[in-house]
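Student: Could you have a look at this structure, given as structure tokens, before my questions?
The values are calculated or read from the model by the stated rules, or taken from the named source; none is laboratory data. Treat the numbers as computed from the prediction; the structure is a model and nothing was measured. Note that we place each Cβ from the backbone using ideal geometry, even for glycine, and neighbour counts take in every protein chain shown.
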Amino acid sequence: MLLLFCFSFLLVQFANAQERTISGVVTSASDNGPIPGVGILVKGTVRGTETDFDGKYQIQVSEGDVLQFSYVGMKTKTVTVLNQTTINVSLEDDSLLDEVVVTALGIKKTRKSLTYAAQDVKAEEISRVKQTNPINSLSGKVSGLTITRSASGAGGSVKVLLRGVASFGNNQPLYVIDGIPLNNISSSQPSDTFGEINGGNRDGGDALSLLNPDDVESLTVLKGASASALYGSAGLNGVILITTKKGKEGNFKVNFSSNLTVDSAAYYMDFNDTAQANVDDFFSTGTTNINSLSFSGGTEKAQTYFSYSNTFSEGILPTNSLKQHTFNIRETAKFFEDKLTLNASVIGTVQSIRNRPVSGLYFNPLVGVYGFQSDTEKLSDYSVFEEYDSNRNLMKQRWFRPTYDIEQNPYWILNRNTSEDENKKLVASLNLKFKVNDWLSLQTRGTYDQSYVNFEKKIYATTEATLAPLNGRYILNENDYTQMYGDLIANINTNLGEDFSISAIVGVSTQRNTAELFVADSGTNGDLQFANVFALQNFNGNAATTFQQNSFESRTNSIFSSATIGYKDKIFFDITGRNDWTSTLPKSSNSFFYPSFGITGILSETFNVPFAKVRASYGEVGSGVGTDTYSPNRSILFANGINPNDPIRPLPGTIPKPERQRSFEIGTEWKFDNFGFDIGYYYTSTINQYFSFGIPDSLVRGIGLAGLNAGDITNSGIEASVYFKPIRSENFRWTTMFNFATNKNEVKSLTTENLIEGVEESFFEISPAGVNTFGAYLVEGGAFGDIYVQELVRDDNGVPIYDNDSFIIKTDDSNDIALTKVGNPNPDWTLGWSNSFQYKNLSLDFLIDGKFGGETVSMTEAVVEGFSNNSARETANRDVTVVDLNGNTSTLSAQEYYGAVGGRNGFLGEYVYSATNVRLAELALGYSFNLGENSFFKMAKASLVGSNLFFFYKDAPHDPNVSLSTGNALQGVDILGLPSTRSLGLNINLTF
């Protein structure tokens, strides 16, 4: 034993004697600048390191070791260690022709072979200035993509449009994480100007708000039907592919980041000094703190990535807060001489939101804040929002005047109309890929995606009677959504002789979606047995009480294939096909086929440039109907006395078919050493739009709604992305990029004539006006979401006609809508301009985001000015000249004029603004620290960050980039939505 010990000791000493420290600098071959973050690995071991900000590194090696230098976007280089002590390495850019991008179904293709538009966004573009919903960070960074943020604060959903609004149904793109479709469910979206009386206009959030931005490795946007045809009915509105980070070979690396911002209410209507003081006093200074910790590393055969993040946010609305915890674990491994590759991941999130802000008129504290009127008191005097009611032996609401349907004490709403949102999500996926031989591989993937969404609202006694009865009200919603997905794919990559190559796939997939929904509501006409006891057992149990439980299930089975044929690496022809069978359509129409074709030609050698190509493609995609959609939708109501045994006659001609979109695009892409651009034109036509409308009982008994396919909506436009690298010296770099897009939307046809006798629809409602005077409609010859409001009649000089102490309502005989069209909420064109400067250790990045064209309505101003004797607005220099029917002019004071035209059912034409705006969307000023050789940290960077800092130009009193709903309704109108915020803060990133 002693001999063995001595031998082992000598062996170790000998080995240590052979190890030595190698150092060096890694630079870019194109400009000789240092490259931070280059991965350096001793091949065959787990030993590794990374270059610091100056491109420097140190590592312990032995003679004969092989060092591997790797960096995204550059060619990997290996160097054998001999007797050197310094090894400097120069890395070359990957050939632009061989650049690999992720496409549909997670398939990797060379960029040169793509026949359609696809744009990448790097991880640092998403995480540099963090947002609680990482998709918000895409605004201005992808041509043809429009981002509209929710007015519900932290945890809110986001509206994403690719190439305009195409459907009367869902317009959101499909989100795919690591090749697997994500169930991006939103449990609730605002739909009308009042706000629903069962909780207000509440945004239920979406699955994307639950993601950790630091987990994102890259993001690719597939824009056209040719790009998304392989997803069939799910890809109607384009696809956003999200690739998450995975473990890398080498020593375990730890990354930590912390982002803290201070948020202030920034953009809302103007008030006079007294009212402004009340508004300022009401809003809080919000904070958002996002922390993330990740571990990454592994061997040549197995790698692990684990991350944990948390988000804590205090909103600008008092009592509003968010807490979120997210974890992600991903394991990759290779077996059987690297023939079998395993990729498994689990992502879990728990989110809770207290008093999520609402929009509209009901349950909205801003109605009382903006409309507060008192010459002797301040709004804060009513922060003591309740007082004792000796008659009922409970606390009652305290306010300066009697409450009515839309107005209550705002502090009462925040503390006695409380809500709690709880969201939980779990996504588990497994990917197995087996390499059969050099040209064939088989892959199978499966995922389980579950979302649990819970909403609870407690409404105390003495709340306004429109919203709650005598003893208060209790609402409980519990929703459980599940999506299971699986596919089997064969991949073929081979050459056919010297001139031809083929890359093809053949596959099958299945997807099952279920929803379990439970709603309990004591009601506005029902009641609680005991005041302010919020439990299901306390329901009165009368007919006005709601207990509703629904279950929905749908299944889609598919087969698909695609092939890309290359000729001499200069011409590529692409063809795809997919057939879906869906359970949500009748057997006669539940099978539908989607093809796409494309061709691209490489011009690099012809023009002697690094990269040049032209492309053209045609594709078809579509969308089925929802899981809760039937045609006709048979509604038998107990209250109207219809006998359930009466026969229900089906409506003729209403068998639903899938929506279908046909898309054509052409484009060209050129890249040089310091300059490049991608420009394209597209045209899409979406037919078989699925609509539903009411059927009078006098026509067909028992039929509440009927659905049908009708209409054709087109979108056409130009997209362009241009980048420059004007300066690329050793110490200073400047990169700038422009993303430009136009879109023209038109409702080509829309008719239900002679479909059902007695029912003719010349338009369809998107946001019905009801008793208010804002509406959005679909009218033939117009554009999707055209805004209709009540307008004044004016004379030839534009002066309002005021006769017999009242204004005259303008009418439009071109349709049956009682309102007048005043515009459309969608921009004519968009422009994003991003810049990145690097001087030694100092970096500066900023993004200017602009939307040009479109209109928006401030119903907020109309409501505030409609309050009787309202004095919240500044009245100086706002007097208005009017004229009577005889041509006699007179002057109305501002208070008289706006008191007459204002109000929720007033003349909203007086509150229409241009939606054009240009803003400084993001700003980051960072410094990377030079760390010593023996420092515990490998890299450290601190940045001052800001978002939504200011507008270079804005006509509207509110932020036009914020919407009350991320659905189709309530676009282009602000109805007391939460003001958007200006955020400033500090971001710290550490690697050790």
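Student: Given (1) surrounded by 14 or more Cβ atoms within 10 Å (Cβ to Cβ); (2) out of contact with any Asp or Glu (no Cβ under 9 Å at 6 or more places or on another chain); (3) under 30 Å from residue 957 (Cα atoms), where does residue 430 come up short, assuming only one miss?
Tutor: Residue 430 satisfies all of (1) surrounded by 14 or more Cβ atoms within 10 Å (Cβ to Cβ); (2) out of contact with any Asp or Glu (no Cβ under 9 Å at 6 or more places or on another chain); (3) under 30 Å from residue 957 (Cα atoms) except (3).
Student: Right, something else. Looking for whichever is surrounded by fewer than 19 Cβ atoms within 10 Å (Cβ to Cβ), at pLDDT 90 or above and part of a loop (DSSP other than H, G, I, E, B) here; the options are 284, 264. Which one fits?
Tutor: Criteria check complete, one pass: 284.
Student: Let me ask something else. Pick from 532, 542, 525: which is of a type outside the set (A, V, I, L, M), in the same structural domain as residue 393 (by TED's automatic domain parsing) and surrounded by 15 or more Cβ atoms within 10 Å (Cβ to Cβ)?
Tutor: 532
Student: Something else: Can you tell me which residues in segment 968-988 are assigned to a strand (DSSP E or B) and either out of contact with any Asp or Glu (no Cβ under 6 Å at 6 or more places or on another chain) or not assigned by TED's automatic domain parsing to the domain that holds residue 258 (or both)? Explain how you work it out, then say what you get.
Tutor: Within segment 968-988, the subset assigned to a strand (DSSP E or B) is 973-974, 980-988.
Passing the criteria: 973, 974, 982, 984, 985, 986, 987, 988.
Student: Related question: Within segment 569-578, is there a residue that is assigned by TED's automatic domain parsing to the domain that holds residue 432 and at positive phi?
Tutor: Yes, because at least one residue in segment 569-578 is assigned by TED's automatic domain parsing to the domain that holds residue 432 and at positive phi.
Student: Scan (1) within 27 Å of residue 246 (Cβ to Cβ); (2) at pLDDT below 85; (3) of a type in the set (A, V, I, L, M, F, W, C) for the single condition residue 158 breaks and write down its number.
Tutor: So residue 158 meets the others, but not (2).
Student: So which of 931, 925, 964 is at pLDDT 90 or above, at negative phi and not hydroxyl-bearing (Ser, Thr, Tyr)?
Tutor: 925
Student: Let me ask you something else. Has segment 184-199 got any residue that is in contact with a strand residue (DSSP E or B) (Cβ under 7 Å, 6 or more places away or on another chain), over 30 Å from residue 474 (Cα atoms), modelled with pLDDT of 80 or more and not in a helix (DSSP H, G or I)?
Tutor: No: segment 184-199 contains no residue that is in contact with a strand residue (DSSP E or B) (Cβ under 7 Å, 6 or more places away or on another chain), over 30 Å from residue 474 (Cα atoms), modelled with pLDDT of 80 or more and not in a helix (DSSP H, G or I).
Student: What residue, among those in segment 848-868 that are hydroxyl-bearing (Ser, Thr, Tyr) and under 16 Å from residue 370 (Cβ atoms), is surrounded by the fewest Cβ atoms within 10 Å (Cβ to Cβ)?
Tutor: Of all residues in segment 848-868, those hydroxyl-bearing (Ser, Thr, Tyr) come to 856, 858, 860, 868.
Going one step further and asking which of them are under 16 Å from residue 370 (Cβ atoms), we end up with 858, 860, 868.
Working: 858: 22, 860: 23, 868: 9.
In this case the residue turns out to be 868.
Student: Is there any pair with a first residue in segment 204-229 that is on the phi > 0 side of the Ramachandran plot and a second that is in a loop (DSSP other than H, G, I, E, B) and surrounded by 23 or more Cβ atoms within 10 Å (Cβ to Cβ) whose Cβ atoms are under 6 Å apart and which are 6 or more apart or on different chains, and what are they?
Tutor: Pairs that qualify, where the first residue is on the phi > 0 side of the Ramachandran plot and the partner is in a loop (DSSP other than H, G, I, E, B) and surrounded by 23 or more Cβ atoms within 10 Å (Cβ to Cβ), are 205/155; 205/157.
Student: If you go through segment 42-58 one residue at a time, how many are of a type in the set (A, V, I, L, M) and in contact with a Lys or Arg (Cβ under 7 Å, 6 or more places away or on another chain)?
Tutor: Residues flagged as of a type in the set (A, V, I, L, M) and in contact with a Lys or Arg (Cβ under 7 Å, 6 or more places away or on another chain) within segment 42-58 amount to 0.
Student: Only one residue in 163, 111 is assigned by TED's automatic domain parsing to the domain that holds residue 983, surrounded by fewer than 23 Cβ atoms within 10 Å (Cβ to Cβ) and basic (Lys, Arg), so which one is that? Outline the logic, then answer.
Tutor: On the way: 163 fails: surrounded by fewer than 23 Cβ atoms within 10 Å (Cβ to Cβ).
Checking each option against the conditions leaves just 111.
Student: May I ask you to say which residue of 86, 51 is outside the structural domain of residue 679 (by TED's automatic domain parsing), without any contact (Cβ under 8 Å) to a residue 40 or more places away in the chain and of a type outside the set (D, E, K, R)?
Tutor: Numbers: 86 fails: without any contact (Cβ under 8 Å) to a residue 40 or more places away in the chain.
Just one listed residue meets the conditions, 51.
Student: Determine, yes or no, whether residue 946 is more than 16 Å from residue 359 (Cα to Cα) and free of Cβ contacts under 8 Å to residues at least 40 places away in the same chain.
Tutor: Considered against the rule, which asks whether it is more than 16 Å from residue 359 (Cα to Cα) and free of Cβ contacts under 8 Å to residues at least 40 places away in the same chain, residue 946 comes out as no.
Student: Restricting to segment 880-900, name every residue that is in contact with a helix residue (DSSP H, G or I) (Cβ under 8 Å, 6 or more places away or on another chain) and surrounded by fewer than 22 Cβ atoms within 10 Å (Cβ to Cβ).
Tutor: Residues satisfying the conditions are 880, 882, 892, 899.
Student: Another question, then. Residue 441 - would you say it is in contact (Cβ under 8 Å) with a residue 12 or more places away in the chain, outside any loop (DSSP other than H, G, I, E, B) and within 30 Å of residue 323 (Cα to Cα)?
Tutor: Answer is no for this residue.
Student: Scan segment 86-115 for residues that are modelled with pLDDT of 85 or more, farther than 22 Å from residue 615 by Cα and not hydrophobic (A, V, I, L, M, F, W, C) and jot them down.
Tutor: Selection gives 86, 88, 90.
Student: Condition test on residue 815, is it in the same structural domain as residue 145 (by TED's automatic domain parsing), of a type in the set (S, T, N, Q), farther than 30 Å from residue 927 by Cβ and surrounded by fewer than 18 Cβ atoms within 10 Å (Cβ to Cβ)?
Tutor: yes
Student: Okay, next question. Please verify whether residue 72 is closer than 28 Å to residue 218 by Cβ and of a type in the set (A, V, I, L, M, F, W, C), treating the condition exactly as stated. Spell out the reasoning first.
Tutor: On the way: closer than 28 Å to residue 218 by Cβ: yes; of a type in the set (A, V, I, L, M, F, W, C): yes.
Spelling it out, residue 72 is indeed closer than 28 Å to residue 218 by Cβ and of a type in the set (A, V, I, L, M, F, W, C).
Student: Looking at 359, 374, 383 in this structure, which one is of a type in the set (Gly, Ala, Ser) and touching a Gly at 6+ places or on another chain (Cβ under 9 Å)?
Tutor: 359 is the lone residue from the list that is of a type in the set (Gly, Ala, Ser) and touching a Gly at 6+ places or on another chain (Cβ under 9 Å).
Student: Something else now. Step by step: first the residues of segment 444-457, then only those that are crowded, with 17+ Cβ neighbours inside 10 Å and touching a Gly at 6+ places or on another chain (Cβ under 8 Å), then the one that is nearest to residue 522 (Cα to Cα). Which residue is that?
Tutor: The qualifying residue nearest to residue 522 (Cα to Cα) is 457.
Student: Still on this structure: Those residues that are at pLDDT 65 or above, in a loop (DSSP other than H, G, I, E, B) and either of a type outside the set (A, V, I, L, M, F, W, C) or within 28 Å of the chain's Cα centre (by Cα) (or both), I need them from segment 639-697; list them, please. Quick ask: steps written out before the conclusion?
Tutor: Just the residues of segment 639-697 that are at pLDDT 65 or above, to begin with: 655-692.
Now restrict to residues that are in a loop (DSSP other than H, G, I, E, B): 655-658, 672-674, 688-689.
Hits for segment 639-697 are 656, 657, 658, 673, 674, 688, 689.
Student: Additional query: Pick from 944, 920: which is at pLDDT 95 or above, more than 24 Å from the chain's Cα centre (by Cα) and in a strand (DSSP E or B)?
Tutor: Result: 944 is the single residue among 944, 920 that is at pLDDT 95 or above, more than 24 Å from the chain's Cα centre (by Cα) and in a strand (DSSP E or B).
Student: Write out, first by first residue and then by second, each pair whose Cβ atoms fall under 9 Å of each other, whose residues are 6+ apart or on separate chains, and whose first residue, in segment 245-256, is over 26 Å from residue 179 (Cβ atoms) while the second is among the aromatic types (Phe, Trp, Tyr) and not in a strand (DSSP E or B).
Tutor: That search, which allows pairs on different chains as well, returns 254/992; 256/992.
Student: Looking only at segment 39-96, count how many residues are under 30 Å from residue 669 (Cβ atoms) and outside any loop (DSSP other than H, G, I, E, B).
Tutor: 9
Student: Something else about it: Does segment 11-31 hold any residues that are at pLDDT below 75 and within 19 Å of residue 730 (Cβ to Cβ), and which are they?
Tutor: 30, 31
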